[in-house]
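See structure below.
Coordinate-derived values only; no laboratory data. The structure displayed is predicted, hence computed values, not measured ones. Cβ coordinates were reconstructed from backbone atoms using ideal geometry, including for glycine residues, and neighbour counts include every protein chain displayed.
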DNA sequence: CAGTATCCAACTAGATACTG
DNA sequence: CAGTATCTAGTTGGATACTG
């Protein structure tokens, strides 16, 4: 009994943060990093520093607002660095921090998974829709 | 020249889907799976089938609407199965498909990353905010 | 138990125009 | 070049009430 309790306590301490809990701050962090722009930006920075306009071109269709906003959040959270070279015109380079690199490894899997399983998902949707349309009558 | 072109073509074929492109359907899929409820649900199903109310309790604070909606999307995309046992009251079990299991492996890393690096992110934010408040004057 | 249906406040994010 | 500022259409998701 005492053993059980001690084990439980140890386990609780190790898992101080638990995203299943609504009040846990990791719930918010998980929400932030679960974002397509975050994923694409971190991936776009994997081969070294990139300039603002390079990122803008690479992430086709992203608005200036979302690009700047996402980069600022990533910078504040310690995932990317922002280096300004005060030339004329000014040059700004974004790069991954070690923390950002550690997250990039994971979100890249997400991007690769989507690209690898798109066809599989298409098939699943077609099957689901076919099954559910036949229930209509 | 011919070699170059052939290599380009091969590369283009391998990367038929590219989430960097706005019009690519994987951009949408990436957006769908980049969702905290998707992550938490897939993780909650990792140890086997779970009933609707079990999931509701495990994902503290999720509304019925989001739970049902997310489960339906996951089912349609072929990531989870929904099994109805027509008892009274009815019993419904959700479980991961092989495709869902493959995605779960990745999103679990996301959840673990958030839980493991929360403190690091807190520190980064404090540093960023301190640096930027001192710029105010 | 496992949902469905509806309403709506709040947040999101694109478009647009402007700047050091 | 690398942003900022503003406006708003559209979406999201929680709350609430109801059902087989």
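Taking beta carbons within 10 Å but only from partner chains, what does the mean come to for residues A:121-130? Show your work: numbers first, answer last.
On the way: counts 11, 4, 2, 8, 4, 2, 2, 5, 1, 0.
So the per-residue partner count for this stretch is 4.
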_Gaussian network model of chain B, Cα within-10 Å springs - most flexible of B:83, B:115, B:54_ = B:115
*For the stretch A:23-136, what class follows from the C-alpha gyration tensor (a ≥ b ≥ c being the square roots of its eigenvalues): rounded when a/c is under 1.5, otherwise prolate if a/b is larger than b/c, else oblate?*
prolate
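For peptide B:59-70, compute the average count of partner chain beta-carbon atoms within 10 Å of each residue's beta-carbon. List each step's numbers first, then the result.
Working: counts 5, 8, 6, 2, 0, 0, 0, 0, 0, 0, 0, 0.
Mean number of neighbouring Cβ atoms from other chains: 2.
Applying a 10 Å radius around every beta-carbon, put B:36-44, B:106-114 in order of their mean neighbour count, most first.
Details: B:36-44: 22.9, B:106-114: 21.3.
Ranked from most to least packed, the peptides come out as B:36-44, B:106-114.
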*Taking a label point 7 Å from Cα toward Cβ, how far is residue A:60 from its twins in the other copies, in nm, shortest first?*
4.4
*With chain A treated as a Gaussian network of Cα nodes joined by springs under 10 Å, which of A:93, A:77, A:119 yields the largest mean-square fluctuation?*
A:119
*When chain A is modelled as a GNM with alpha-carbon springs shorter than 10 Å, which of A:51, A:82, A:27 fluctuates the most?*
A:27
*Other chains' Cβ within 10 Å of A:36-48 residues: what's the mean?*
2
*Divide by every residue of the protein assembly as shown the summed helix terms, -39500 (n - 2.57) for each DSSP H run of at least 4, and state the resulting mean residue ellipticity at 222 nm, rounded to the nearest 500 deg cm²/dmol.*
-20500 deg cm²/dmol
*Considering the rotation that carries chain B onto chain A, locate the chain B residue whose Cβ comes closest to its axis and report the distance in whole Å.*
B:34, 2
_At 7 Å along Cα-to-Cβ for each site, give me the label-to-label distance between residue B:116 and residue B:18 in nm._
3.2 nm
*If each Cα of the stretch A:82-137 is one equal point scatterer, what is log10 of I(q)/I(0) from the Debye formula at q = 0.16 Å⁻¹?*
-0.72
*When each copy gets a label point 7 Å from Cα toward the beta-carbon at residue A:88, what are the spacings between them in nm, shortest first?*
8.5
*Bin width 10 Å, alpha-carbon pairs only: give the P(r) of the protein assembly as shown as whole percents, running from 0 to the bin holding the largest distance.*
6, 24, 30, 23, 12, 5, 1, 0
